[in-house]
1. How do the pairs read when you match residues in region 123-138 that are more than 12 Å from ILE75 (Cα to Cα) with residues anywhere that are open to solvent by 30 Å² or more (accessible area, probe 1.4 Å) and in a loop (DSSP other than H, G, I, E, B), using Cβ under 7 Å and keeping only pairs 6 or more apart or on different chains?
2. Would you mind listing the strands (runs of 3 or more DSSP E) fully within region 150-269 where at least 2 residues are more than 18 Å from the chain's Cα centre (by Cα) and not aromatic (Phe, Trp, Tyr)?
3. Does region 38-48 include one or more residues that are within 16 Å of PHE130 (Cα to Cα) and either out of contact with any helix residue (DSSP H, G or I) (no Cβ under 6 Å at 6 or more places or on another chain) or modelled with pLDDT of 95 or more (or both)?
4. Which residue out of TYR87, TYR131 is touching a strand residue (DSSP E or B) at 6+ places or on another chain (Cβ under 8 Å), within 30 Å of ALA180 (Cα to Cα) and of a type in the set (Ser, Thr, Tyr)?
5. Where the second residue is at pLDDT 95 or above and open to solvent by less than 60 Å² (accessible area, probe 1.4 Å) and the first is among the small types (Gly, Ala, Ser) and lies in region 253-269, which pairs have Cβ atoms under 8 Å and are six or more apart or on separate chains?
6. Every residue in region 130-146 that is under 18 Å from PRO71 (Cα atoms), of a type outside the set (S, T, N, Q) and either not assigned by the TED database to the domain that holds HIS157 or not in a loop (DSSP other than H, G, I, E, B) (or both), please.
Amino acid sequence: MKYLKRIGIVIIALYLVIIFMLLSFQEQLIFRSETLPQDHVFTSSVPFEELYLKASGDAILHGLHYKLDNPNGVIIYFHGNAQTLEYWGKWAEKLSQQYNYDVVVMDYRGYGKSTGKRSHKAMLGDGLLFYDYCKTKFSEAEITIFGRSLGGAFATHVAKKSSAKLLLLESTFTSVTAIANKRFWFLPIGWLLQYPFQNDQNIAQITLPTYIIHGTNDVIIPYKHGQKLYEKSGSNTKKFYTIKDGFHNNLISHPTYFEALDEILNTKY
């Protein structure tokens with residue numbers, strides 16, 4: 001009995017250690033953030049402006065606004081959980097050139113040149129801050145909200161509070177809880193999660209035209225997440241684009257991906 005009791009104590013101790021580790025390193029698991037020097041110089045063939053917006057908690061959020069002479073509107077792009085604007089700015093530049101849109105892209109707290117303590121509430125507010133910036137330059141009917149992967153959480157939060165032109169989601173999840181439950185099925189994730197980003201709840205409240213792109217071979221955020229978001233969407237105008245054999249990070253290598261963007265971004269509303 002003593003032997004079994006000791007084993008039980010060890011198991012409980014290990015379980016508590018795992019819970020402590022998840023609480024301590026949760027941000028590192030969700031946000032694969034990198035920083036840039038404040039004097040980092042960006043280059044682009046498209047004219048752009050660096051943005052420094054003051055946010056809650058004395059945070060300063062850095063963004064880039066790619067500007068065209070006669071754009072079709074503006075895309076506010078919320079990027080994934082890795083890399084900085086040094087990387088995502090190149091994608092924003094391509095979107096701007098290929099589809100004739102201004103593009104505004106931001107780095108989250110702790111990414112690139114952006115500063116500030118992270119929290120679920122603060123980060124969602126940051127997305128709205130950049131949306132409000134877009135509203136100073138364009139009417140809401142000219143704003144496209146585009147969220148990729150983690151960025152989908154900010155995109156759906158902004159979309160449910162806006163009257164934008166459309167919502168576009170790429171390779172994003174139903175909820176962080178669903179992803180975490182799959183990986184840490186033995187833990188009480190609902191109690192432990194500090195960043196309960198919930199696209200499934202948001203999208204049910206969104207009536208904007210909604211478009212979802214997802215690869216069938218995505219092992220990071222499985223294809224079924226995109227399907228479920230499409231099913232839960234509250235929009236009367238919606239479409240789901242399947243990228244056959246597409247993985248999480250290689251959709252741009254598939255011609256069907258750009259065929260989807262062509263249809264979405266060139267449609268007149």
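1. From region 123-138, the pairs are LEU128/LYS161.
2. Where strands (runs of 3 or more DSSP E) fall fully within region 150-269 and carry at least 2 residues being more than 18 Å from the chain's Cα centre (by Cα) and not aromatic (Phe, Trp, Tyr), they are 238-243.
3. So far as region 38-48 goes, yes, one or more of its residues are within 16 Å of PHE130 (Cα to Cα) and either out of contact with any helix residue (DSSP H, G or I) (no Cβ under 6 Å at 6 or more places or on another chain) or modelled with pLDDT of 95 or more (or both).
4. Unique residue meeting the criteria: TYR131.
5. Here the result reads ALA260/TYR211; ALA260/ILE213; ALA260/TYR241; ALA260/ILE243, each pair linking region 253-269 to a residue that is at pLDDT 95 or above and open to solvent by less than 60 Å² (accessible area, probe 1.4 Å).
6. The answer is TYR131, TYR133, CYS134, LYS135, GLU140, ALA141, GLU142, ILE143, ILE145, PHE146.
Yes/no matrix, rows are residues, columns are (1) part of a loop (DSSP other than H, G, I, E, B); (2) open to solvent by 10 Å² or more (accessible area, probe 1.4 Å):
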residue	(1), (2)
LYS90	no, yes
VAL105	no, no
GLY110	yes, yes
GLY116	yes, yes
LEU124	no, yes
LEU128	no, yes
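The values are calculated or read from the model by the stated rules, or taken from the named source; none is laboratory data. Just so we're clear, the structure is a prediction, and the values are computed from it rather than from any experiment. Backbone-built Cβ (ideal geometry, glycine too); neighbour counts: all protein chains shown. Just so you know, the surface numbers come from the protein's heavy atoms only, side chains and all, with ligands and any DNA or RNA stripped out. Shrake-Rupley method; radii C 1.70, N 1.55, O 1.52, S 1.80 Å.
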